[in-house]
Amino acid sequence: MIVTVHLTSYPLQTGSSLFTFHHSPISSPALPSNEGSTWKYDRSEDQALTTPGGAEEAGVEWDVLVTDDWRVWEGKGWRLAETIEGLEGVERGGEFGARVKWGERIGVLVRD
């Protein structure tokens, strides 16, 4: 079985792809077991592949999609399996005058 994982630009810039390697001990419902399968990574930055319609028109056959724009894909043949939190910004407040804001930054989607 070949599992194709597509990573968009933002997740690649965060280093999140490091957690998808075969030796990773992370268990996730979003990333299938590597037992008996071969993982293929796609990181094309073609603008046409930034929407479900564009990807379908291009004939891509991804099994897993890792993107910061998951809301565009969700419900259009894709199901959100997990989100990954990250830095959203800094705001005034807190003990030292600044507070770090965290939020959902990356979504991992699987085909419906």
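Each reported figure results from applying straightforward, stated rules to the coordinates on display, with no laboratory input. For clarity, every value in this text was computed on a predicted model and none was experimentally measured. Reconstructed Cβ throughout: ideal geometry from the backbone, glycine too, with neighbour counts over all protein chains shown.
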Using modelled amide H (1.01 Å from N, peptide plane; none on Pro or chain starts), what sits under 5 Å from the amide H of HIS6, excluding residues fewer than 5 places away?
ASP42, ASP63, VAL64, LEU65, VAL66
Diffing region 45-59: the Karplus 3J(HN,Hα) column from phi (6.51, -1.76, 1.60, θ = phi - 60°), in whole Hz with x for Gly and Pro, holds 10, 4, 4, 5, 8, 8, 9, x, x, x, 5, 5, 4, 6, x
To the nearest 0.05, what FRET efficiency results for LYS101 and VAL60 with a Förster distance of 35 Å applied to their C-beta separation?
0.55
Under the 0.36 nm per residue contour assumption, what length would be gained going from the current alpha-carbon distance of ALA48 and TYR10 to full extension?
12.1 nm
